[in-house]
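A.B. asks: Just passing along the structure, written as structure tokens.
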Amino acid sequence: MGQVRTILLERSAFANNDERADILREDLRKAKVMLVNVMSSPGAGKTSTLTSLINNIKDKVSVAVMEADIDSDVDAKSIVKNTGVDSIQLHTGGMCHLDADMTRSGLDAIDYSKYDIIFLENVGNLVCPAEFDTGATMDIMILSTSEGDDKPLKYPLIFQKCNLVIISKIDALKYFTFDTKKCIDNIKYRNKDATIIPISNKTKEGIEELTTFFLEKIKSYKES
Amino acid sequence: MHELGIVFNITKQIDEIAKENKVNKVISLTVEVGEVSTVVPEYFKDCFEWAKKKTEYLKGCKLNLVVLSALSYCEDCKQTYNTVQFGKTCPHCKSEHTYLVTGNEVKMKQIEVE
Ligand SMILES: Nc1nc2c(ncn2[C@@H]2O[C@H](COP(=O)(O)OP(=O)(O)OP(=O)(O)O)[C@@H](O)[C@H]2O)c(=O)[nH]1
Ligand SMILES: [Mg+2]
Ligand SMILES: [Zn+2]
Ligand SMILES: [Zn+2]
């Protein structure tokens, strides 16, 4: 029997992932590739919003999509069918989030350097994806009008992390008690710098504004 | 499911640390979790018992899980209070201009090795 000794660690359980995410972000910056991590509750409209947006930008910039899913490949197929851009499915193997290593292996599989912008549709969930940094150069979230205007109060972390919040399904506002102004105030309370864009994938209201937002972001990212 | 992801992330790191330090085995691991972290202590323990079998150095490791209470700070009256009991509203002045100070961490504290 050897001698027992204590090793002090005193570090966050997420520290290793944070380090790897920073390295990945730096590699993406050098390659001038934007990686956008898209988060939301299940069914808030990630795939639909990406489809609307990509159809407006795909002639101007080269785009790819990585779909994270616990097990299926429905979303990746839907993106290919409805936009024609390259898309791959990442399986999280039962995990409720993607981490930096999983993201990197997905990027390597599609040879990421040939794209201007890559969207990563994270697992539908407001808690875990917010905790695990994927290495993305931009984090965004989608909040649908059916979820309630008080979500920013209940899930602080994800709203602090995202500098763009898309309010989706505004065509359905008449059916829900969702106060858009109150929701915007709640988001600003968590993150005063957040850009907020209300949209509908049904009527396409707001999609132009979203398109302009991304084309400008890609331009300034390339120049930085 | 969520706990399992975090547990695997921890056991992977501890295995690496054990290897770097050339130890024979890890006897115990102390983890601190905040009361309002996303970790449910009972699930975490179950996941750990399962995950440790898949490791190199933690097969016989005992887990000490310490739960830290959550405290919030009120920007208006400058006092702290118990988050779990009072939530977002300050019990001293009823303000909602409050934020969490501690309680959402998941921290690897120390290991005992042989
Ligand atoms: N009325 C309306 N329905 C929408 C809108 N956007 C999405 N939907 C519908 O909402 C449902 C879910 O949309 P998805 O785009 O699949 O949502 P998601 O976030 O990708 O879902 P998961 O990947 O399963 O988490 C579908 O039935 C869409 O047609 C919108 O702006 N208005
Ligand atoms: Mg989807
Ligand atoms: Zn989770
Ligand atoms: Zn107060």
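A.B. asks: Once you've got the Cα coordinates, tell me which of A:LYS161/A:LYS182; A:LYS161/B:LYS94; B:LYS53/B:LYS88; A:LYS81/B:LYS53 are over 31 Å apart. The partial results should precede the final answer.
C.D. replies: Details: A:LYS161/A:LYS182 20 Å; A:LYS161/B:LYS94 27 Å; B:LYS53/B:LYS88 41 Å; A:LYS81/B:LYS53 43 Å.
Over 31 Å apart, Cα to Cα: B:LYS53/B:LYS88; A:LYS81/B:LYS53.
A.B. asks: Report the Rg/Rh value for the stretch A:15-223, based on alpha-carbon coordinates and the Kirkwood definition of Rh. Could the numbers behind the result be given before it?
C.D. replies: On the way: Rg = 16.0 Å, Rh = 17.1 Å.
Answer for the stretch A:15-223: 0.94.
A.B. asks: At 1.4 Å probe size, put A:MET138, B:MET108 in order of accessible surface, largest to smallest. Mind dumping the intermediate values first?
C.D. replies: Values: A:MET138 20, B:MET108 0 Å².
Result, largest first: A:MET138, B:MET108.
A.B. asks: Taking every residue in A:192-198, how many Cβ atoms of other protein chains lie within 10 Å of its Cβ, on average? Walk me through the numbers on the way to the answer.
C.D. replies: Working: counts 0, 0, 0, 0, 0, 0, 0.
The shielding value for this peptide is 0.
A.B. asks: In chain A, which whole DSSP H runs stretch at least 15 Å along their own axis (Cα) and average -1.0 or higher on the Kyte-Doolittle scale? Display every interim value, and only then the final one.
C.D. replies: On the way: long enough: A:15-30 (23 Å, -1.64); A:46-57 (16 Å, 0.17); A:180-190 (16 Å, -1.25); A:207-223 (24 Å, -0.41).
Passing helices, by number: A:46-57, A:207-223.
A.B. asks: Restrict the search to the stretch B:1-92; then list the GluC sites (Glu not before Pro) that DSSP places in a loop and that have at most 13 other Cβ atoms within 10 Å of their Cβ. List each step's numbers first, then the result.
C.D. replies: Working: sites: B:GLU3, B:GLU16, B:GLU20, B:GLU32, B:GLU35, B:GLU42, B:GLU49, B:GLU56, B:GLU75; in loops: B:GLU35, B:GLU56, B:GLU75.
Passing sites in the stretch B:1-92 are B:GLU56, B:GLU75.
A.B. asks: Going by alpha carbons, how many degrees (0 to 90, nearest 10) lie between the helix axis of B:41-51 and the longest principal axis of chain B?
C.D. replies: Its long axis makes an angle of about 20 degrees.
A.B. asks: Then there is this: Restricting to DSSP H runs of at least four residues, report the calculated mean residue ellipticity at 222 nm for chain A, -39500 (n - 2.57) per run over all residues, nearest 500 deg cm²/dmol. Could the numbers behind the result be given before it?
C.D. replies: Working: 9 runs with 90 residues, N = 224.
For chain A, the value works out to -12000 deg cm²/dmol.
A.B. asks: Next up: In deg cm²/dmol and to the nearest 500, what is the mean residue ellipticity at 222 nm of chain B if only DSSP H runs of at least 4 residues count, each as -39500 (n - 2.57), divided by the residue total?
C.D. replies: -9000 deg cm²/dmol
A.B. asks: Sticking with this one: Which value, in nm² and rounded to one decimal, describes the direction-averaged projected area of the C-alpha convex hull of the stretch A:122-169? Mind dumping the intermediate values first?
C.D. replies: Working: hull surface 13.3 nm².
Convex hull of Cα atoms, orientation-averaged projection: 3.3 nm².
A.B. asks: Then there's this: Using only Cα atoms, find the angle between the long axis of helix B:2-20 and the longest principal axis of chain B, and express it within 0 to 90 degrees, rounded to the nearest 10.
C.D. replies: The angle comes out at about 50 degrees.
A.B. asks: Okay, next question. Which of the residue pairs A:LYS114/A:LYS192; B:LYS12/B:LYS78; A:LYS58/A:LYS169; A:LYS46/A:LYS217; A:LYS77/A:LYS154; A:LYS58/A:LYS202 have a Cα-Cα distance greater than 30 Å in the structure shown?
C.D. replies: On the way: A:LYS114/A:LYS192 34 Å; B:LYS12/B:LYS78 41 Å; A:LYS58/A:LYS169 23 Å; A:LYS46/A:LYS217 19 Å; A:LYS77/A:LYS154 33 Å; A:LYS58/A:LYS202 20 Å.
Long pairs (Cα-Cα over 30 Å): A:LYS114/A:LYS192; B:LYS12/B:LYS78; A:LYS77/A:LYS154.
A.B. asks: Do any GluC sites (Glu not before Pro) in the stretch A:1-85 lie in a loop, going by DSSP, with at most 12 other beta-carbon atoms within 10 Å of their beta carbon, and if so which?
C.D. replies: Working: sites: A:GLU10, A:GLU19, A:GLU26, A:GLU67; in loops: none.
Within the stretch A:1-85, no GluC sites (Glu not before Pro) qualify (loop, at most 12 other Cβ atoms within 10 Å).
A.B. asks: Further question on the same structure: Determine the sum of side-chain charges near A:VAL74: Lys and Arg each +1, Asp and Glu each -1, restricted to other residues whose C-beta is under 14 angstrom from that of A:VAL74. Could the numbers behind the result be given before it?
C.D. replies: Numbers: positive: A:LYS46, A:LYS77, A:LYS81; negative: A:GLU67, A:ASP69, A:ASP71, A:ASP73, A:ASP75, A:GLU121.
Here the charged neighbours net out to -3.
A.B. asks: Take every residue in peptide A:144-156, count the Cβ atoms of other chains within 10 Å of its Cβ, and give the average of those counts. Walk me through the numbers before you get to the answer.
C.D. replies: On the way: counts 0, 0, 0, 0, 0, 0, 0, 0, 0, 3, 1, 0, 4.
Per residue, the number of nearby Cβ atoms from other chains is 1 on average.
A.B. asks: Looking only at other chains, what is the average number of their beta-carbon atoms within 10 angstrom of each beta-carbon in B:6-18? Walk me through the numbers before you get to the answer.
C.D. replies: On the way: counts 8, 1, 3, 9, 4, 0, 2, 6, 2, 0, 1, 2, 1.
Averaged over the peptide's residues, the number is 3.
A.B. asks: Between A:ALA130, A:ALA172, A:ALA194, find the one with the highest GNM mean-square fluctuation for chain A; connect C-alpha pairs within less than 10 Å.
C.D. replies: Sorting by GNM fluctuation, first place goes to A:ALA172.
The values are calculated or read from the model by the stated rules, or taken from the named source; none is laboratory data. Worth saying up front: this structure is predicted, and the values here are computed from it rather than measured. When we count neighbours, we look across all protein chains shown, and the Cβ atoms used for this are built from the backbone with ideal geometry, even at glycine. Note: areas computed on protein heavy atoms with side chains; ligands, DNA, RNA excluded. Shrake-Rupley method; radii C 1.70, N 1.55, O 1.52, S 1.80 Å.
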